[in-house]
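Report on one structure; see the data block that follows.
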Amino acid sequence: MTIKTTLSFTDRHHRFLMEQVENGVFATASAGVAAAIEDMMRAEEERRLMLGALADVIRERMATPLEEYVDEDDVFGPAFAAIEAADE
């Protein structure tokens, strides 16, 4: 279903959209706007999926028993020592 609506653009956005239509990138200005909205929808879905995956990792890490944690000095100590030695 197609719905007619009125949109307002800045001169810059309108000029770019019309250039895209003139260059054959889009058949019409409406097609260009629809493509931009599709891109926004796709980006939002990717963001939602990434945030969900990140939340899953955080939940997994929060469930890690404290005795399984590693000491930061054991992990980063050799790197810091190498940096200090390089500065001397």
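The values are calculated or read from the model by the stated rules, or taken from the named source; none is laboratory data. The structure presented is a predicted model; accordingly, all values stated were derived computationally and were not measured. All Cβ positions, even for glycine, are placed from backbone atoms using ideal geometry, and neighbour counts span all protein chains on display.
Here are a few things to note about the model shown:
- Residue within the stretch 3-11 that is part of a helix (DSSP H, G or I) and either without any contact (Cβ under 8 Å) to a residue 60 or more places away in the chain or surrounded by 10 or more Cβ atoms within 10 Å (Cβ to Cβ) (or both) present: yes
- In the stretch 32-59, the residues that are under 26 Å from Arg15 (Cα atoms) and of a type outside the set (D, E, K, R): Gly32, Val33, Ala34, Ala35, Ala36, Ile37, Met40, Met41, Ala43
- Here the stretch 2-23 is the region considered, the condition is being within 16 Å of Ile37 (Cα to Cα) and more than 28 Å from the chain's Cα centre (by Cα), and the residue that is modelled with the lowest pLDDT is Thr2.
- Condition met for Glu67 (at negative phi, of a type outside the set (S, T, N, Q) and surrounded by fewer than 10 Cβ atoms within 10 Å (Cβ to Cβ)): yes
- Verdict on Ala55 being modelled with pLDDT of 95 or more and exposed (fewer than 10 other Cβ atoms within 10 Å of the Cβ): no
- Odd one out for Phe26, checked against (1) in a loop (DSSP other than H, G, I, E, B); (2) modelled with pLDDT under 95: (2)
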